[in-house]
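K.L.:
Before I ask anything, here is the structure I am working with.
The values are calculated or read from the model by the stated rules, or taken from the named source; none is laboratory data. Remember, it's a predicted structure, so these values are computed and weren't measured experimentally. All Cβ positions, even for glycine, are placed from backbone atoms using ideal geometry, and neighbour counts span all protein chains on display. In case anyone asks, the SASA skips ligands and DNA or RNA and just uses the protein heavy atoms, side chains included. Shrake-Rupley method; radii C 1.70, N 1.55, O 1.52, S 1.80 Å.
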Amino acid sequence: MSDRLLHTRNIGIMAHIDAGKTTTTERMLYYTGTNYRIGEVHEGTATMDWMPQEQERGITITSAATTVFWNVNDQKYKINIIDTPGHVDFTVEVERSLRILDGGVVVFCSVGGVEPQSETVWRQADKYGVPRICFVNKMDRMGADFFHVVNEIKEKLNARPLIVQIPIGEEASFKGVVDLLENKALVWIDDDSQGENFEECEVPESLLQMVKEYRTKLIETVVEEDENLMNKYFSDAESITVEELKAVIRKATINLKLVPVLCGSSLRNKAVQPVLDAVVDYLPCPLDLPPVYGTDTSDNKVQVKPDEDAPFSALSFKIQIDPYVGKLVFFRVYSGKFVAGSQFLNVNTGKKERMSKILQMHANKQNPLTEILAGDIAAGVGFKDIRTGDTLCDVAHPILLENIVFPEPVVKIAIEAKKQEDVDKLTQALEKTSEEDPTFTYGVDSETGQLVVSGMGELHLDIVLDRLMRNYNIACSKGRPQVAYKEAVSETIKHRELYKKQTGGRGKFADIEFELGPADDGVNGLQFIDDTKGGVIPAAFIPAIEKGFKSAMQNGVLLGYPLNSLKVRLIDGSIHEVDSDALSFEIAAGIGFRNACRKAKPVLLEPIMKVEVVSPADYIGDITGDLNQRRAQITKMETRGHLQVLHVNAPLSEMFGYISALRNISSGRGTFSMEFSHYAVPPRTITEDVIYKIKGYKVDF
Ligand code: GDP
């Protein structure tokens, strides 16, 4: 086994907003020696949250990765900390980072405990099988209750918490923790060392009984996970060593059987170092996890092992535009190695590119590397054409790692630069932003001429736009969020379009006859078939006709929303010897498209979301009632522990503001996640309403 990999941890810190994720990360950076000034979040200087509006909102949005080093038993470990965003609207970012990390530290507030959003994050980690440890933070706060939180982890999250520490003192008198495995107290002294100095001492008298009880519980739970240790426990319990216990805890954590729980107070600089020890002790290294698979050029599934000598393969998981070095691409290397300055293949674009620099990131500081090896995470510079989720690999060994699938941007907002001179700057800024975030797109609404941005949710767009305006110093006005509909035709019809214009000199002439209707199943975009006979339309004009239809599809006839797919079969036409040219045919196709669509029973398509609602059983009746009113269809219902899980499909237009509705119905206990599922035709009355709302008058269609 690679010694280097045994000493590598790729972890994420996950939490409900406000639980103290940023503060905890910041302390970790400090104690690992890479950060020399502790930045308090409330002062807005914490290192991970380096984007101004994140500091203002006090939430962490970006998924930047930071590398730190930590010594345990005189061995040096490299820990890559992947910053996971904590807000529901950023589930894609959270899931994206969950894919590339190996383990997680889940931070809870000792007062708030397991809050709805912690449940969401926890369930996402369950989905990706991410081994976890828990850190119950804010032990210094009034009302701090460590054991209550542990109980909630068991009850609400259905996990098996393993108490490996108990707090010494509480609230204002919180001093440190008892390490139950070592049977020792760790006490932080209030001095100028920002918590760097602490004492290892005997367990205080007052806690002896409690420590004995919890230590016994701990050992009993651990030995149950390992037959050998269990035998030893019954024959000679005293001979069990801390190392043996740790090894079994590690195995059980990685196999998702147990979740070690620690506690402390990041803000007061107490008990953060043991969390770093626990990351090393209990969270997996890249070799501990099930293998990753990719697809080779012959469509065979191949295993990708974290082997330095294998061909290089990596997955990009985050793109950020850095004000100094330009485009920074964060990637995780799954196999082989990559030397800075050399070439790689981007399998998704099919292009060979050169990565000029590899940087190991410490939040917004950067350390250049000459090479990067399997199992490691870094940022690269020099990319031209890349998107999040692309596979980078050895030019001679193409392999596609499982791609990250991004949801369709389903919410849109019209925006406008307040100052005329900012108009161009705004378009450039939008272009850069959409490069960084594949779930963010922009375009011009053909009906209104407005600039429209689209994203995954209201908050997503809010934050992206905020960031954009701030970073590029552009003042914008924004409209209200709207659903990004699509359009389609539901019948196949025949249509003839004659385009004729006689101006002073040479005129325009194009004549086409075609069938227009829904595309065949599974076809995306324009399915264009030229079935003309005998050269009635010269071959040179055919591409112009196809082009005309293709661009016309961007604007449907009902409300100007794009059509995802369409079939056009060109059957006949004629030309004028002098007046016909390619442009005439392109224009004829555009006009013909609009006239034909009106006859082909156009329909609006609305985004349907796949929604998962989790709640204690008591509230399920009310939740279902409310969902019915939102035109939701229940597809599945299941029980998870004492929780009920509802799987429903619901139209996005009915789900605006659902977060607060659910909170009200379930007294804050219900959580939900929502992702795009598909487009569907709404009932006719709904379409009429939507058209009326947008156009301001009734349309016959
Ligand atoms: P995040 O949203 O999870 O990243 O949380 P932050 O690290 O931004 O912390 C949220 C708030 O809780 C900030 O005002 C912190 O100063 C405060 N905080 C963080 N850790 C502690 C702690 O250990 N004790 C107390 N009392 N407050 C804390």
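K.L.:
If I filter the range 144-163 for residues that are in a loop (DSSP other than H, G, I, E, B), on the phi > 0 side of the Ramachandran plot and not aromatic (F, W, Y), do I get at least one hit?
P.N.:
Taking the range 144-163 first, the residues in a loop (DSSP other than H, G, I, E, B) are 144-145, 156-160.
Now narrow it down to the ones that are on the phi > 0 side of the Ramachandran plot: 158.
Then drop every residue that is not not aromatic (F, W, Y), which leaves 158.
Yes, because at least one residue in the range 144-163 is in a loop (DSSP other than H, G, I, E, B), on the phi > 0 side of the Ramachandran plot and not aromatic (F, W, Y).
K.L.:
Being more than 27 Å from N80 (Cβ to Cβ), within 16 Å of the ligand (Cβ to nearest atom) and open to solvent by less than 10 Å² (accessible area, probe 1.4 Å), is that true of even one residue in the range 115-122?
P.N.:
No, the range 115-122 has no match at all.
K.L.:
Among (1) open to solvent by less than 60 Å² (accessible area, probe 1.4 Å); (2) part of a loop (DSSP other than H, G, I, E, B), which single condition is Y697 missing?
P.N.:
The one condition Y697 does not meet is (1).
K.L.:
Also, quick follow-up: For the structure I just gave you, tell me whether K154 is buried (at least 24 other Cβ atoms within 10 Å of the Cβ), at pLDDT 85 or above, over 17 Å from the mean Cα position of the chain (by Cα) and basic (K, R).
P.N.:
The answer is no for K154.
K.L.:
Right, something else. Which strands (runs of 3 or more DSSP E) sit wholly inside the range 380-450 and have at least 3 residues that are within 24 Å of Y679 (Cα to Cα)?
P.N.:
Qualifying strands (runs of 3 or more DSSP E): 411-417, 441-444.
K.L.:
Since G573 meets every condition but one in (1) small (G, A, S); (2) closer than 30 Å to R480 by Cβ; (3) part of a strand (DSSP E or B), which condition does it not meet?
P.N.:
Every condition holds for G573 apart from (2).
K.L.:
Scanning the range 565-581 for residues that are within 46 Å of the chain's Cα centre (by Cα) and open to solvent by 40 Å² or more (accessible area, probe 1.4 Å), which turns out nearest to Q502 (Cα to Cα)? Spell out the reasoning first.
P.N.:
Step one: list which residues in the range 565-581 are within 46 Å of the chain's Cα centre (by Cα), which gives 565-570.
Subsequent filtering for residues that are open to solvent by 40 Å² or more (accessible area, probe 1.4 Å) retains 567, 569.
Working: K567: 31, R569: 28 Å.
Looking at residues that are within 46 Å of the chain's Cα centre (by Cα) and open to solvent by 40 Å² or more (accessible area, probe 1.4 Å), I get R569.
K.L.:
Ok, one more. Out of the residues in the range 278-298 that are in a loop (DSSP other than H, G, I, E, B) and of a type outside the set (A, V, I, L, M), state the one that is nearest to the ligand (Cβ to nearest atom).
P.N.:
Within the range 278-298, the match that is nearest to the ligand (Cβ to nearest atom) is P284.
K.L.:
Could I ask something else about it? L526 passes all but one of (1) assigned to a strand (DSSP E or B); (2) touching a residue at least 60 places away in the same chain (Cβ under 8 Å); which number fails?
P.N.:
Looking at each condition in turn, L526 falls short on (2).
K.L.:
Touching a helix residue (DSSP H, G or I) at 6+ places or on another chain (Cβ under 6 Å) and open to solvent by 50 Å² or more (accessible area, probe 1.4 Å) - does that describe any residue in the range 620-633?
P.N.:
Looking for residues that are touching a helix residue (DSSP H, G or I) at 6+ places or on another chain (Cβ under 6 Å) and open to solvent by 50 Å² or more (accessible area, probe 1.4 Å), one finds at least one in the range 620-633, hence yes.
K.L.:
Out of (1) modelled with pLDDT under 85; (2) more than 10 Å from the ligand (Cβ to nearest atom); (3) of a type outside the set (A, V, I, L, M); (4) in contact with a Gly (Cβ under 8 Å, 6 or more places away or on another chain), the odd one out for R37 is which?
P.N.:
Single failed check for R37: (4).
K.L.:
Same structure again: Would you be able to say whether some residue in the range 604-615 is open to solvent by less than 30 Å² (accessible area, probe 1.4 Å) and not in a strand (DSSP E or B)?
P.N.:
no
K.L.:
Which of the residues spanning the range 128-148 are within 15 Å of V106 (Cα to Cα) and away from the ligand (no atom under 13 Å from the Cβ)?
P.N.:
Answer for the range 128-148, where residues must be within 15 Å of V106 (Cα to Cα) and away from the ligand (no atom under 13 Å from the Cβ): Y128, G129, V130, P131, R132, I133, C134.
K.L.:
Would the range 43-66 turn up any residue that is in a strand (DSSP E or B), at pLDDT below 90 and away from the ligand (no atom under 16 Å from the Cβ)?
P.N.:
So far as the range 43-66 goes, yes, one or more of its residues are in a strand (DSSP E or B), at pLDDT below 90 and away from the ligand (no atom under 16 Å from the Cβ).
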